[in-house]
Amino acid sequence: MRKLVLLLFVLVGLAGVSGCATSKDLRRVQGDLLTRIEATEQKIAALDQTDQSIKGDARTVAESVTLLQKRQAETGADLTEAKDQIRQIRGLVDGMKKDLSSGGGRQDEMKEKVDALSSKIQFLENYLGISKKDDGKEAVHRNGGNNGKETKGKSDREILYGAAYATLKEGKYEKSRAEFQNFLKKYPRTELSDNAQFWIGESYFSEGKFEKAILEYEKVIKNYPEGDKVPPSFLKQGLAFAQLGDKTSARMILQQIIKDYPNTSSARTARTKLNELK
């Protein structure tokens, strides 16, 4: 800008030398030029402030989007865990209904309670959008399979996973472990792999083999650190230590969950369990 002023002064000076303007005219022109230059500089300064404000607003928007994405991810993880828990309960209820169906009339009252519980679970499943064949995480064949025919629209890995999950729900823990381990050998890195490893831990936990369960949950944490089964794995480790009578280790793990995953259902369960351990 200063270079422009000097150039204008030079041009005006040349005009004066040529006899086309008086000294008074030169001073007037110079004054006008300085006034215009000052106004232009003020406009540029105002534009700079506006630009900084826009950049600040952009950063605020970006931070808000990042926070929203984080909260959505946490909500998604909580929803996935809720779905898995409902599936487990559904499996237990289905098993109880089978047992009751062969028990005679004296069990009618118990059967009514189970049916009522089943209805509530059905409502929750419908509300959460869970179906019997949800995302390949439910059984795609039962009682000996589907006669060698793949379910339409299912991939091989979804069918393999669904079969293992169905076995787990039936309470055949040892068999389900073998099936999940076979799944992991074939598909060690898929969106279902961390779930498969988690269910291996759950099978041991359900059998009361808490030491083995802790080791299997640890594999989830180490092999799939970005997966949504990490918080539940930490939680079940804490509960397993509590079952083994090691309350100190249980408290440490539960407190860590609350610190690292504060807005998850695992953290809420951990807080409740900590109060019980006091």
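Just so you know, all these numbers are worked out from the coordinates, no wet-lab data involved. In this text the structure is predicted, and so the values were computed from the model without any measurement. Here Cβ is always computed from backbone atoms with ideal geometry, including for glycine, and neighbour counts include all displayed protein chains.
Under a point-charge model restricted to the Cβ atoms of Lys and Arg (+1) and Asp and Glu (-1), what is the dipole moment magnitude of the range 133-277 relative to its Cα centre, in debye to the nearest 20?
80 debye
Run the numbers for Glu276 and Lys186: contour at 0.36 nm per residue of separation, minus the present Cα-Cα distance, in nm.
Computed gain between Glu276 and Lys186 is 28.3 nm.
Between beta-carbons, use under 10 Å as the cut-off and find the net charge around Gly227, counting Lys and Arg +1, Asp and Glu -1.
-3
Which whole-Hz couplings ³J(HN,Hα) result when phi for each residue of the range 167-175 is put into the Karplus expression 6.51 cos²θ - 1.76 cosθ + 1.60, θ = phi - 60°, listed in order with x for Gly and Pro?
With the stated coefficients, the range 167-175 comes to 5, 4, 5, 7, x, 8, 5, 5, 5 Hz.
Over all directions, how big on average is the projection of the convex hull of the alpha-carbon atoms in the range 133-277, in square nanometres?
Over every viewing direction, the Cα hull of the range 133-277 projects on average to 8.9 nm².
What list of ³J(HN,Hα) couplings, whole Hz, do you get for the range 179-196 from phi and the Karplus terms 6.51, -1.76, 1.60, once you set θ to phi - 60° and write x for glycine and proline?
Karplus-based 3J(HN,Hα) across the range 179-196 equals 6, 5, 5, 5, 4, 5, 5, 7, 9, x, 9, 9, 5, 9, 5, 5, 5, 4 Hz.
Output ³J(HN,Hα) for the range 268-278: one whole-Hz value per residue in order, computed from phi by the Karplus curve 6.51 cos²θ - 1.76 cosθ + 1.60 with θ = phi - 60°, and x for Gly and Pro.
Going residue by residue, I get 5, 5, 4, 4, 5, 5, 4, 4, 6, 7, 5 Hz, with x marking Gly and Pro.
If I model a spin label as a point 7 Å beyond the Cα along the Cα-Cβ vector, how far apart are those points for Ser155 and Lys247 in nm?
Inter-label distance under the simple model: 4.7 nm.
Order of 265-272, 176-183, 160-167, 222-229 by packing, highest average Cβ count within 10 Å first?
Descending mean neighbour count gives 160-167, 176-183, 265-272, 222-229.
For the residue pair Asn223 and Glu41, what label-to-label distance in nm results when each label sits 7 Å from Cα along the Cα-to-beta-carbon direction?
Distance between the two pseudo-spin positions: 7.0 nm.
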